[in-house]
1. Considering only region 74-88, I want to know if a residue exists there that is surrounded by 16 or more Cβ atoms within 10 Å (Cβ to Cβ), within 15 Å of H146 (Cβ to Cβ), assigned by TED's automatic domain parsing to the domain that holds E147 and not hydrophobic (A, V, I, L, M, F, W, C).
2. Out of (1) closer than 30 Å to L50 by Cα; (2) modelled with pLDDT of 95 or more, the odd one out for C110 is which?
3. In region 113-139, which residues are exposed (fewer than 15 other Cβ atoms within 10 Å of the Cβ) and either more than 21 Å from H49 (Cα to Cα) or charged (D, E, K, R) (or both)?
4. Scan region 117-132 and tell me whether some residue there is out of contact with any Phe, Trp or Tyr (no Cβ under 6 Å at 6 or more places or on another chain), outside any loop (DSSP other than H, G, I, E, B), modelled with pLDDT under 95 and under 19 Å from L61 (Cβ atoms).
5. Taking the conditions exactly as written (surrounded by 10 or more Cβ atoms within 10 Å (Cβ to Cβ) and either farther than 19 Å from E136 by Cβ or at pLDDT 95 or above (or both)), does A19 satisfy them or not?
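The values are calculated or read from the model by the stated rules, or taken from the named source; none is laboratory data. These numbers were taken from a predicted model, which means no experiment stands behind them. Please note: Cβ atoms are built from the backbone with ideal geometry, for glycine as well, and neighbour counts cover all protein chains shown.
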Amino acid sequence: MKNFWVTLGALVAVGLAVALACYRWHCDEPLHAAARQRDALAWLTAEYHLRPEQAAAIGRLHAAYALRCAEHCMAIGEARGAVAQAEREGRPASELAAARDRVAARERVCREAIELHLREVASQMSPEDGARYLGEFLPRVAAYRHEGAPTVRLNQ
């Protein structure tokens, strides 16, 4: 019985050492640091293996897109406000439908702009990383709720 406990203890110790080594070996510290700091560009740089010039180009694309994004958010907010006002005032169904159509149109413009932006960002990456980036983010655009500027996760 004494050998059983010694053997079991040794196996547990070896298992823990292997698990820790595997974790540290596969742990990408720059990626985790960027995620903790909520730095989207640092995360993209680490996750998609960007060179400094690629990261700088993507940073410029993000800065330019942020202005368009703010305009889209404002337009969608105004259109939603018009729907809410039409509902409060009991406007005719045709006016309410037209107001809802304006919301849908502005959301469509936003979605198309996000997709274009994602493709522009992907074009700055290697073909493999760009394809992986688009595979990760394009499917999320269709479900995007247009409740503020998107995050890296496109979860708003």
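1. Yes, the conditions are met somewhere in region 74-88.
2. (2)
3. Selection gives L116, R119, E128, P139.
4. There is no residue in region 117-132 that is out of contact with any Phe, Trp or Tyr (no Cβ under 6 Å at 6 or more places or on another chain), outside any loop (DSSP other than H, G, I, E, B), modelled with pLDDT under 95 and under 19 Å from L61 (Cβ atoms).
5. yes
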